[in-house]
Amino acid sequence: MRPLALLLVLVLSACATASTQPSGTPSGASGATASPTPTPEPTPTPAVYWPLRGTLAPSADAIHKRPVLVRIPNDTSARPQSGLSKADMVWELLAEGGITRYMAVFQSEEVDQIGPIRSARLSDLHYAPMLRGILAHVGASTVVLSRVRAAAAKGEFIDADQFLYGDYYTRVTFRTAPQNVYTSTQRIRQAAKAAGDLGNVDVPALPIVTNAPPVTERTGTSFSIPYLGAMALRYSYDANAAGYTRVQAGVTTTDATTGKAVVATNVVIIFTDITPQPGIIEDSNGSLSLEIRSTGTGKVVIFRNGARLEGTWSRTGNDGYTFAGEGGLPISLVPGQTWVHVVPNDWTVTSAP
């Protein structure tokens, strides 16, 4: 019986050894577990910023919508105006007879009430093409209007004149004519479609940076621009608001919609040649239209963060402006609303720390 017992022991041992091999392991395999394939990290979506305000935009497509440019009067009877606080930029430009007129530029926000709105000027032929904008205005003098129509016909900008697209404007009852024409950005965009707007554009960006060097010395907390009479203007820096408030003719510039002061984050003062144009009459007093040189180079003074920065502006064709300081280094703006003043070369802008 011993040989039989020994045989049974050998058979049982072999069965036990076979049962310890993991099931599903190929014959001859080592039994090592393969490393899992790493999951690729998603590529982050780059941040996109509004070209004229420098704040975050919701998408890359959004920044290509046409800016709405609204011609707003600055007579004392037109103040306070509606919509100024929502503009990405406001250009305060000399018109005729020493008065100024605004061109408010809206892209990053849609605004329900903007006005009052008045006529176009020669300067629109320089700045509307630069901004690839939709120009909202109420007519113009005969010569200027013909030039606006011709430029728009060449595709330099979209002409949304109230004379042509009156359905997209409203005459309000709380003001008397001619200071009673108002609109919204949505309506002007509808007028642009009616005028044949083909869609998105590339808007030249302002030189805005989010990491501008901090101001180490307050060299421009208040300053004055020597407009005449009721246009005389003084800016004062408000550290709490991180911008400049405006006082014109002794009254703070406010937005009629909110009742609050308008705050400019950046103020850019461009010095250039401004020349009366014989034969282009703008008002019943016989005041001549003004031609503004907007290309080439010239002096610029920029105020931001309570500091005064001086340098040179440059512009070619329908490109945007660039600003350079000492040694040719770029002068940058900071995110927020920018006011631009275009003044004669011989003016002096006084400022205080």
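A short reminder: the numbers here are calculations on the coordinates, not readings from a lab. Since the model is a prediction, treat every value here as computed from it, not as a measurement. Don't worry about glycine lacking a Cβ; one is built from the backbone with ideal geometry, like all the others, and counts go over all protein chains shown.
Given DSSP loops and a limit of at most 15 other Cβ atoms within 10 Å, what is the longest stretch of the chain that contains no such chymotrypsin sites (Phe, Trp or Tyr not before Pro)?
Excluding the exposed sites themselves, the longest stretch runs over 175-346.
So how much slack lies between Q186 and S224, counting 0.36 nm per residue of separation and subtracting their Cα-Cα distance, in nm?
10.2 nm
In the neighborhood of K260, defined by Cβ-to-Cβ distances under 14 Å, what is the net charge if each Lys or Arg adds +1 and each Asp or Glu adds -1?
Around K260, the charge tally is 0.
In a shell of Cβ-Cβ distance under 13 Å around S108, excluding S108 itself, what net charge do Lys and Arg (+1) and Asp and Glu (-1) give?
+1
Given that just one value was derived from the coordinates, which of [x] 1.59; [y] 1.51; [z] 1.04 is Cα Rg over 2.2 N^0.38 Å?
Matching the structure shown: [x].
Just to be sure I understand: with springs between alpha-carbon atoms less than 10 Å apart, which residue in R246, R118, R175 has the highest mean-square fluctuation in the Gaussian network model of the chain?
R175
Quick one: pull the percentage of alpha-carbon pairs in the range 210-324 with a separation above 21 Å.
Result for the distance tail: 53 percent.
Which of N180, N266, N285 ends up with the largest GNM mean-square fluctuation for the chain, with Cα atoms connected below 10 Å?
N285
Read phi for every residue in the range 88-101 and hand back ³J(HN,Hα) as whole Hz from Karplus 6.51 cos²θ - 1.76 cosθ + 1.60, θ = phi - 60°, with x for Gly and Pro.
Result, ordered by residue: 6, 9, 9, 9, 9, 10, 5, 9, 9, x, x, 7, 10, 9 Hz.
Counting only DSSP beta bridges with both residues in the chain, what percent are antiparallel, rounded to the nearest 5?
75 percent
What are the DSSP H helices in the chain that stretch 24 Å or more along their long axis, judged by alpha-carbon atoms, and whose average Kyte-Doolittle hydropathy comes to at least 0.5?
2-19
How compact is the range 81-142 by the rule of thumb for globular proteins, expressed as Cα Rg over 2.2 N^0.38 Å?
1.10
Given the Cα-Cα distance of A195 and A324 and 0.36 nm per residue of separation, how much length would full extension add, in nm?
Length gained between A195 and A324: 42.6 nm.
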